[in-house]
1. Each residue of the stretch 66-78 in order: what ³J(HN,Hα) in whole Hz does its phi give by Karplus 6.51 cos²θ - 1.76 cosθ + 1.60, θ = phi - 60°, with x for Gly and Pro?
2. Roughly how many Å² of Ser51 are accessible to a 1.4 Å probe, to the nearest 10?
3. At a Cα cut-off below 19 Å, give the aspartates and glutamates reachable from Lys50, other chains included and same-chain residues fewer than 8 away excluded.
4. What full-extension length gain, to one decimal in nm, is calculated for Ile79 and Leu42 as 0.36 nm per residue of separation minus the Cα-Cα distance?
Amino acid sequence: MSGRRGRISDDEINELISKLQALLPESSRRRNASRSSASKLLKETCSYIKSLHREVDDLSDRLSGLMSTMDSDSPQAEIIRSLLR
């Protein structure tokens, strides 16, 4: 089996890094304007994903609290349920 088989070329890595960088918020992209290391970009991406998880958890908690104070038959509750489908 060839040593190159299954390996990603430098050009492919650079393209993947660019795509990943484009997914980060504007503030991270500005910080990374100069070509940063793949390692640093991966760390920032992991940090961003963790912050998104925290935000989702917070919003879920807030939504649960809001739903618990609503009449389950109210038009507002129905709107929220329809958005969650």
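1. These are the phi-based 3J(HN,Hα) values: 5, 5, 6, 9, 9, 5, 5, 9, 6, x, 5, 5, 5 Hz.
2. Approximately 40 Å² for this residue.
3. Once the sequence-local aspartates and glutamates are set aside, what remains near Lys50 is Glu26, Asp58, Asp61.
4. Working: separation 37, 0.36 × 37 = 13.32 nm, distance 3.84 nm.
Length gained between Ile79 and Leu42: 9.5 nm.
The values are calculated or read from the model by the stated rules, or taken from the named source; none is laboratory data. Predicted model, so just to flag it, every value in this text is computed and none were measured. Remember, those area values only see protein heavy atoms, side chains included, never the ligands or the DNA or RNA. Shrake-Rupley method; radii C 1.70, N 1.55, O 1.52, S 1.80 Å.
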